[in-house]
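S.K.: Sharing a structure below in structure tokens format, with a few things to ask.
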Amino acid sequence: MTEKTVTRASAPCEVPEAEIDAQFRYAAAVAAIHEKNGETGDAAPRCFIQTFGCQQNEADSERIAGLAVLMGYRLTDTPEGARLILVNTCAVRDHAEKKALSIIGQYKHVKDADPSAVIGIGGCMVTQEHRAEQLKHSYPYVSFIFDTGAVHTLPELVYGALTGGGRSFSLSGSSNIAEGLPTVRASSHSAWLSVMYGCNNYCTYCIVPYVRGRERSRTPEAILEEARQLIDTGAKDITLLGQNVNSYGRDLGGGTDFASLIGTLARLDGDFRLRFMTSHPKDVFDALVDTIAREEKIVRHFHLPLQSGSDRILEKMNRRYTREKYLGIVRRLRERIPDISLTTDLIVGFPGETEEDFEATMDMVRRVRWDAVFSFIYSPRRGTPAAEMPDPVPHAVSTERFARLLEEQNAISLEQNRRFEGRAVRALVEGVSRGDAGRLTARSDSPRPIHFAGDPALIGRFVTLRITRAETFSLDAELVPDGETE
Ligand code: SAH
Ligand code: SF4
Ligand code: F3S
């Protein structure tokens, strides 16, 4: 477990230090309860954390895990026998919510088997009033919810649940940044580093601004300190996180922006590389492109969600750019960084999307030739403007368009991946290959995982790999022994 020291320079909307201290005292009180029951060391109660959704939630779950350990729990990877179950939910599409609700439903048997088990539900789904109410009324074995602004209050909630404080289902309404929380990181060599929280963009289909609050940037000092700690403790691949990292610093005043932040981070000592996500096309400035071109430690990969190739739909989505503007950014990126990998997100079946609008998206697929596309069928989100828009696209039509998009993109992905064949690339070995226990998986600048035969002792180290064969979703390679690269 790595514990962060509280930084002195505070952002405009930070949780006061006294409040964090109070939560640390609750955590100590929970740990004392376990100790009194003789539940320490091997006998420590188990905590199971389940995470849905994006990298932001994964990063939050690392803080949730840090707090659980502080409260005297031991982390486990199965819900059976766990005394504390925490589910970190997502609300971005209906499917994500359905999956979370169905899994929460299954935890009733854990509570039946051990009535002292505590179940808490956090994340974006429960940050909506109607879901908080639903959990309160239809899931009586759930003890509490914690919304996205209340992660730091977990110790108080768990303490309340263990000491007969009753169930707690109110939303905190808070969107302050909690600095100084302990973390347990899922990987020792790859790390998330949140640089900002929330989103101000209000794309008309998206629930995120409602469940993650307004944009708040962490101070450069707090980010730099965490980055140094990560590097000192062995992180080799650091992903800077925010819903729209390009607007980093706007709320801080004082001229700090994302280009200068990532430029500063890239000049820290150590053998590591930096990734970042997500960027919004309306805010991509030349300074950022120039910084990526200049700084070797920044990975040559840019994830730039387009969402739709039709200007008419982009306007209805409130995206505030046109396809021409997007193509201009792509041109600029490829001019300055010729071999950059580009990826995007696309939504199919937004209300009112005609065949012509969809063809405009397909046209962008052919023009841009992204390395990879993450495509989604539009899912109406309660409380968002798009959910009220006329002319919903019938599901059968969306599904058919989605399939056409995938087919065309898969062929392009394979062609794009082929440009790596024969090349030697520097890659970080991430772990044992999921599909083949005899092989390892590594990552370079390409978003595709690279599979190769190697000694598991290489996990967490940079190696040179020669790409032998491109597949649609991955690359095959062989290890180049040290000193044999050109
Ligand atoms: N902040 C990021 C990511 C937001 S969520 C960004 O701006 O790109 C990740 C992706 O989910 C989005 O890019 C979008 O493609 C998709 N998405 C968001 N809301 C959706 C909805 N209601 N239905 C379908 N896809 C959605
Ligand atoms: Fe959602 Fe748009 Fe914000 Fe991304 S930029 S999180 S899609 S509102
Ligand atoms: Fe889902 Fe919340 Fe992320 S809605 S995609 S977990 S910001």
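Residues checked against (1) of a type in the set (A, V, I, L, M, F, W, C); (2) surrounded by fewer than 20 Cβ atoms within 10 Å (Cβ to Cβ); (3) under 26 Å from E407 (Cα atoms):
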{"site": "H301", "(1), (2), (3)": "no, no, yes"}
{"site": "E324", "(1), (2), (3)": "no, yes, yes"}
{"site": "V365", "(1), (2), (3)": "yes, no, yes"}
{"site": "P392", "(1), (2), (3)": "no, yes, yes"}
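S.K.: Can you pull out every residue in the range 187-208 that is in a loop (DSSP other than H, G, I, E, B), of a type in the set (G, A, S) and more than 15 Å from ligand 1 (Cβ to nearest atom)?
M.R.: Of everything in the range 187-208, those that are in a loop (DSSP other than H, G, I, E, B), of a type in the set (G, A, S) and more than 15 Å from ligand 1 (Cβ to nearest atom) turn out to be S187, S188.
For (1) among the hydroxyl-bearing types (S, T, Y); (2) within 21 Å of E62 (Cβ to Cβ); (3) away from ligand 3 (no atom under 16 Å from the Cβ), each residue gets a yes or a no:
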site: L154; (1), (2), (3): no, yes, yes
site: G164; (1), (2), (3): no, no, yes
site: G180; (1), (2), (3): no, yes, yes
site: S190; (1), (2), (3): yes, yes, yes
site: V195; (1), (2), (3): no, yes, no
site: Q229; (1), (2), (3): no, yes, yes
site: G234; (1), (2), (3): no, yes, yes
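S.K.: Right, something else. Being buried (at least 21 other Cβ atoms within 10 Å of the Cβ) and at pLDDT below 95 narrows it down to one residue among S433, S413, S446; which is it?
M.R.: Residue meeting the stated conditions: S446.
S.K.: Just wondering, is there one or more residues in the range 338-351 that are under 23 Å from P385 (Cα atoms) and over 24 Å from the mean Cα position of the chain (by Cα)?
M.R.: Checked against the condition, which is being under 23 Å from P385 (Cα atoms) and over 24 Å from the mean Cα position of the chain (by Cα), the range 338-351 yields at least one hit.
S.K.: E19 - would you say it is assigned to a loop (DSSP other than H, G, I, E, B) and not small (G, A, S)?
M.R.: no
S.K.: Only one residue in A31, A59, A100 is small (G, A, S), within 16 Å of ligand 2 (Cβ to nearest atom), assigned to a helix (DSSP H, G or I) and at pLDDT 95 or above, so which one is that?
M.R.: A59
S.K.: Now, a different point. Working carefully through the options S170, S190, find the one that is closer than 22 Å to I64 by Cα and either surrounded by 22 or more Cβ atoms within 10 Å (Cβ to Cβ) or over 15 Å from the mean Cα position of the chain (by Cα) (or both).
M.R.: Among S170, S190, only S170 is closer than 22 Å to I64 by Cα and either surrounded by 22 or more Cβ atoms within 10 Å (Cβ to Cβ) or over 15 Å from the mean Cα position of the chain (by Cα) (or both).
S.K.: Within the bounds of the range 474-482, is there any residue that is under 25 Å from the mean Cα position of the chain (by Cα), under 30 Å from H130 (Cβ atoms), of a type outside the set (S, T, Y) and surrounded by 15 or more Cβ atoms within 10 Å (Cβ to Cβ)?
M.R.: Checked the range 474-482: no residue is under 25 Å from the mean Cα position of the chain (by Cα), under 30 Å from H130 (Cβ atoms), of a type outside the set (S, T, Y) and surrounded by 15 or more Cβ atoms within 10 Å (Cβ to Cβ).
S.K.: Okay, next question. Grab the strands (runs of 3 or more DSSP E) fully contained in the range 356-469, keeping just those with 3 or more residues being outside the structural domain of K98 (by TED's automatic domain parsing) and under 26 Å from the mean Cα position of the chain (by Cα).
M.R.: 372-377, 424-432, 440-443
The values are calculated or read from the model by the stated rules, or taken from the named source; none is laboratory data. Since we're looking at a predicted model, the values are computed, not measured. We place every Cβ from the backbone using ideal geometry, glycine too, and count neighbours over all the protein chains shown.
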